[in-house]
1. Could you list all residues from region 13-33 that are closer than 29 Å to residue 173 by Cβ and part of a strand (DSSP E or B)?
2. Where in region 753-804 are there strands (runs of 3 or more DSSP E), lying wholly inside it, with at least 1 residues that are in contact with a Phe, Trp or Tyr (Cβ under 6 Å, 6 or more places away or on another chain), open to solvent by 50 Å² or more (accessible area, probe 1.4 Å) and more than 21 Å from residue 722 (Cβ to Cβ)?
3. I need a count of the residues in region 7-22 that are more than 9 Å from the ligand (Cβ to nearest atom) and open to solvent by less than 10 Å² (accessible area, probe 1.4 Å).
4. Considering only region 123-132, I want to know if a residue exists there that is within 16 Å of the ligand (Cβ to nearest atom) and buried (at least 24 other Cβ atoms within 10 Å of the Cβ).
5. Based on this model, can you work out whether residue 582 counts as open to solvent by less than 10 Å² (accessible area, probe 1.4 Å), more than 16 Å from the ligand (Cβ to nearest atom) and of a type in the set (Ser, Thr, Tyr)?
6. Scan region 228-263 for residues that are touching an Asp or Glu at 6+ places or on another chain (Cβ under 9 Å) and assigned to a loop (DSSP other than H, G, I, E, B) and jot them down.
7. Which members of region 525-543 meet the condition of being out of contact with any strand residue (DSSP E or B) (no Cβ under 6 Å at 6 or more places or on another chain), in contact (Cβ under 8 Å) with a residue 60 or more places away in the chain and closer than 21 Å to residue 20 by Cβ?
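The values are calculated or read from the model by the stated rules, or taken from the named source; none is laboratory data. On a predicted model such as this, the values are computed, not experimentally measured, just so you know. Note that each Cβ is placed from the backbone with ideal geometry, even for glycine, and that neighbours are counted across all protein chains shown. Accessible surface is based on the protein model in full, side chains and every heavy atom, while ligands, DNA and RNA are left aside. Shrake-Rupley method; radii C 1.70, N 1.55, O 1.52, S 1.80 Å.
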Amino acid sequence: MNSENLPKNSVKTICPYCGVGCGVLASVDEQGQVSVAGDPDHPANLGRLCSKGAALGETVGLDGRLLHPEINGQQVEWDAALDKVANGFADIIREHGPDAVAFYVSGQLLTEDYYLANKLMKGFIGSANIDTNSRLCMSSTVAGYKRALGSDTVPCSYEDLERAKLIVLTGSNTAWCHPVLFQRINQAKKDNPDLMVVVIDPRRTTTCEIADLHLPLQPGTDTTLFNGLLTYLEQQGEVNSLFVDNYTDGAADALVAAKASAPSTAEVAKTCALTEADVTEFYRLFARTERVVTVFSQGVNQSSVGTDKVNSILNCHLLTGRIGRPGMGPFSFTGQTNAMGGREVGGLANQLAAHMEIDNPEHRDLTQRFWQAPLIAEENGLKAVEMFEAIDKGEIKAVWIMCTNPVVSLPDADRVRVGLEKCPLVVVSECIRDTDTTAVADVLLPALTWGEKDGTVTNSERRISRSRPFLPQPGDARADWWIISQVARRLGFADAFDYETVADVFREHAALSGFENESKRDFDISGLSGLDRKAYDAIEPVQWPVKTSGEGTARMFSDGRFYTPNGKARLVAINPRAPVNTIDDNFPLILNTGRTRDQWHTMTRTGKAARLSEHSPEPYVEMHPDDAKGVMLKEGALAQVFSRRGEVIVRVRTSQDQRPGSIFIPIHWNDQFASQGRVDALVNPVVDPISGQPEFKQTPVRVKPYQPAWHGFLLTRRRLDMDGVSYWSCATGDGFYRYEIAGEQAELDWPVWARGMLCASDNDVNWVEYLDAKAHRYRGVRMVENRVESCIFIAPSHELPSRSWLAGLFVKESLLEDERKGLLLGKPPVGQEDVGRIVCACFSVGINTITTAIKEQNLKSAEEIGLALKAGTNCGSCVPELKSLLSA
Ligand code: SF4
């Protein structure tokens, strides 16, 4: 929706998904309908939203919500649940010590929630066993920044993207993972045709639509590529000697290591499997352009050499002094909306609060005094993968999981589930009742979610924004900060956790950041520590540090002073290491994992929105056509993918954009949406030795055809129990659920089987059916009055009619005679269109509509498609796909 169409009293809040941190205007009408629009005043997005943000209003329904506390599946009062958690933790701590318990938290928590979880664990329980799912997406960046800059400080601002002359996007499918920043870069390129964009990624992703140069490097060779750049910069006389001599250490050693591993562009090209011309062009562009921003994200971080990759990038910026000035700098795009807030409060097991260090005695003393805490964690705690290994081994006996779904998202996910099943006490704070992780919980605590929660978050450019509530608290659900405080009080820490409002928590967090700081630490928001409730409610988006009231800081390190002991930045000597996971004859392909355009994490929220499910309704593997052919797989078939750890069954998509030898599977699917789609069950729990970040992008796998006896799909107005169906996936449609199904055993009587599957009752039901029993072809449509209630199509192969026209019938109260005739064919009558797979989620424009319009109206650009069909004119997330369709 356009922001002008929203009522004047709309609430200014923030999108809960990715690290871009887009401002959102939200309003609720008298029928309780929620509308959203991009906030034109928010500096992160200036009114833009991507498809996920634009669909937020469709995800706020209470269906599937956890609304009451539960113990062992029985609803209980809050007091009973809180007593159970506090007593359970207290008993285990008494018997086994504080390191026998753990918290596993999330970048989806608000900063105030995060702050209290960290305070309770590190200052009052006395262990550092609190880690966050942000470990999975950006901990290599944290480690890399700290090694080079002395602090976990993102130097840049989003406006640097508009002021740059060269943007290098490495390990970042920005178009899908940070879509509004992609829109900003795209617009900057239109406004300034001299702006060059280089994309470094083994896959040709949608982001390459705006690339002047794409380097599809061999996975895992990033450090060689950037070491080669460092060498080249020196050889070309591009060292900024003034900056290097006055503000850095380590340049000489870094250059020696770089030259040893990457002596020439020819050697680099060979190692990275690139052409020498492309490598030279990249190096030449970087060398000759002063204003360079290098953006990096999960493709860099999620690696057993992730920290080295980050430092190899930072080295190039430090050698040229391209940091701390407008339009330049090394810029990490964070995964989650509040990954940065989590870093600020010490949500990682190797940090204290306010960017302080556990292994620094001064920091420990300062924090303990400020908190007036009885204890302070003296050693780093267990990082995410280690934590769940300790749970599996029985060393951790109680774990409290907040706002995340580790049974889906951690590597070796099946082992994570087994470990939690054995763990004596598993507490889960959640807003959704049924997730793969709530299934193994002893205690469920109902938490508030987006639209109900109150607090702050920090985005990738250090900008703190208010997440404001505009919906009532449903059922017994409560804020996470309240739940944590209540447990802390029951553990005997009432004085230290006597907060009345979320603003009390924020003030304390802000005050700690400035406590005895005197500019020694980067994170300082003491200028916000005196806000009263009204002022807290009114906080405008502001970039930290905020040392005086309301005054933010756009760019860091402008004065050449860094947070190392001698104030100088450090270039780090990088000796490239091969990734730990390597292929062999049994596992000859490399699995890369990542996000799709329209889904978020484990789909608990985005999976509710029909328009977000249409783009990718099923878990899939993307393969190069030659790799698919090599294992006898075709587009649309089902494949089994095996690693040494697990197995998934997914639909095959072939694409020339995929590098031969590498495959891609999205991270989103779980047991609520597919029978066997949890890709992290495949991923080896190998981690970067410095950051502890898992290597999600380099798992050796084998692919083979999955050959069931039959294939099919069904569309139905209610969710079904899929017990006994060998393969299934479920997607939410407009008024229906779409199931893709397959079975290993052919049914003897398909009509009876279909009735058993689809009929809650046979009253008032008409069946329209076709059966060829010998060929195992069956089509059945169940009608109530003249409305489609459900339909099922079964065939011996995966080649079945299009689902899109049938799906469109579910919004019709009554079918036309011609439509009834087309039901069993799955084809529209003459004069009606099958729109095909949805490309533009905002306006539900399908691929058939677009390709027909391109041909018949001779459309030549995405803008012309927008004028003709509206596709791509709202959030713009589908524009790269529109361009692909035009070029195809
Ligand atoms: Fe939300 Fe999209 Fe903005 Fe990310 S880019 S914060 S998902 S609207």
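1. Across region 13-33, the qualifying residues are 13, 14, 18, 23, 24, 25, 26.
2. Qualifying strands (runs of 3 or more DSSP E): 765-772.
3. 1
4. No: region 123-132 contains no residue that is within 16 Å of the ligand (Cβ to nearest atom) and buried (at least 24 other Cβ atoms within 10 Å of the Cβ).
5. No: the conditions fail for residue 582.
6. The answer is none; no residue qualifies.
7. Within region 525-543, just 525 meets the criteria.
Here is a yes/no grid of residues against (1) of a type outside the set (D, E, K, R); (2) buried (at least 21 other Cβ atoms within 10 Å of the Cβ); (3) within 29 Å of the chain's Cα centre (by Cα):
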position: 818; (1), (2), (3): no, no, no
position: 826; (1), (2), (3): yes, no, no
position: 857; (1), (2), (3): yes, no, no
position: 865; (1), (2), (3): yes, yes, no
position: 874; (1), (2), (3): yes, yes, yes
